[in-house]
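Accompanying notes for the structure given below.
The values are calculated or read from the model by the stated rules, or taken from the named source; none is laboratory data. As the structure is a prediction and not an experimental result, all values here were calculated from the model. Every residue, glycine as well, gets a Cβ built from its backbone with ideal geometry; the counts of neighbours run over all protein chains shown.
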Amino acid sequence: MNYSIAVDGPAGAGKSTIAKMIAKRMGCVYVDTGAMYRAMALFMMQQGIADTEGEEVSRQCRRADITIRYEGGEQVVFLNGENVNGQIRTEEVGRMASAVAKMPDVRAKLLELQQKLAKSSDVIMDGRDIGTCVLPDATVKIYLTASADVRAGRRYEELQEKGMVCDFETIRADIIERDRQDMNREISPLRQAEDAVLVDSSLMTVNEVVEEIIGICRQKGVGGK
Ligand code: DC
């Protein structure tokens with residue numbers, strides 16, 4: 001039986017950084033489900049569909065063929081045969097992803113892909129509904145969060161390092177709006193699963209968070225006692 005580690009939490013909590021490091025340490029596959037929603041968002045943007053056109057998003061999502069491959073240990077997302085890793089990391093795509101993620105047809109389609117990936121290997125999968133919907137029987141469930149101020153601060157620094165012009169207050173407002181949208185949608189809203197362990201990284205370093213989660217995994221018999 002494969003093991004699975006579900007990591008859920010709000011935008012900017014550090015899920016992907018942490019999950020990538022844990023995947024390397026444990027030798028499992030990292031599945032970034034947010035990237036799949038981002039690829040779906042990019043498809044809608046390419047079609048000129050607005051985030052308010054829910055019905056059109058539902059209709060068109062059938063035409064988006066989203067697949068995942070692993071190249072040199074990295075997850076690569078293909079949208080209708082094209083590698084879109086370089087196009088999905090913008091704030092604009094993130095906002096659209098949060099909007100298209102409300103639609104049941106979009107979620108059903110991506111859920112199938114996510115469950116298939118978890119069946120085929122040991123995984124650490126991050127997102128919003130992994131412990132609650134995608135992998136309700138995950139071996140380990142983590143809810144990783146941090147205060148909105150801390151999350152906004154981290155994103156601000158990340159963007160500055162990339163040489164991008166940004167404004168802290170705008171980023172903070174964006175994060176709060178994304179939390180609102182992801183936590184209040186009707187299907188699969190972001191929430192902590194009853195059996196998930198809460199990790200608040202507000203006052204922790206990346207390495208401390210990694211060690212804490214690896215410790216939780218070991219207690220569950222994942223990655224050696
Ligand atoms: O983790 P991220 O910022 O790349 O995700 C982008 C958006 O996709 C997020 O705001 C909500 C949506 N999403 C989701 O609804 N369910 C998931 N499992 C992952 C992401």
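Couple of notes before you dig in:
- Scanning the stretch 18-31 for any residue that is surrounded by fewer than 15 Cβ atoms within 10 Å (Cβ to Cβ) and without any contact (Cβ under 8 Å) to a residue 12 or more places away in the chain turns up nothing.
- Annotation: I216 fulfils all but one of (1) touching a residue at least 24 places away in the same chain (Cβ under 8 Å); (2) surrounded by fewer than 20 Cβ atoms within 10 Å (Cβ to Cβ); (3) closer than 21 Å to A35 by Cα; the unmet one is (3).
- Single residue of S188, S202 found to be small (G, A, S), free of Cβ contacts under 8 Å to residues at least 60 places away in the same chain and closer than 30 Å to G223 by Cβ: S202
- Residues of the stretch 149-174 classified as within 23 Å of E212 (Cβ to Cβ) and either within 13 Å of the ligand (Cβ to nearest atom) or under 17 Å from the mean Cα position of the chain (by Cα) (or both), total: 5
- Residue-level analysis places S147 among those that are out of contact with any Asp or Glu (no Cβ under 6 Å at 6 or more places or on another chain), under 18 Å from L190 (Cβ atoms) and among the polar types (S, T, N, Q).
- Residue within the stretch 177-187 that is touching a strand residue (DSSP E or B) at 6+ places or on another chain (Cβ under 6 Å) and either among the hydrophobic types (A, V, I, L, M, F, W, C) or over 19 Å from T17 (Cα atoms) (or both) present: no
- Test: residue in the stretch 125-137 that is more than 26 Å from C28 (Cβ to Cβ) and either touching a strand residue (DSSP E or B) at 6+ places or on another chain (Cβ under 7 Å) or aromatic (F, W, Y) (or both): no
- Search result, residues across the stretch 125-141 that are more than 13 Å from the ligand (Cβ to nearest atom) and within 13 Å of the chain's Cα centre (by Cα): none
- Strands (runs of 3 or more DSSP E) lying entirely in the stretch 28-124 (those with 1 or more residues that are away from the ligand (no atom under 13 Å from the Cβ) and modelled with pLDDT under 95): 66-71, 74-79
- Comparison of G73, G48 shows that the only residue that is surrounded by fewer than 19 Cβ atoms within 10 Å (Cβ to Cβ) and within 24 Å of D174 (Cα to Cα) is G48.
- Applying the condition of being over 19 Å from S121 (Cβ atoms) and among the β-branched types (V, I, T) to the stretch 52-70 and asking which residue is surrounded by the most Cβ atoms within 10 Å (Cβ to Cβ) yields V57.
- Residue in the stretch 203-212 that is crowded, with 18+ Cβ neighbours inside 10 Å, assigned to a helix (DSSP H, G or I) and not small (G, A, S) present: yes
- Scanning the stretch 141-172 for residues that are exposed (fewer than 14 other Cβ atoms within 10 Å of the Cβ) and in contact with a strand residue (DSSP E or B) (Cβ under 6 Å, 6 or more places away or on another chain) turns up nothing.
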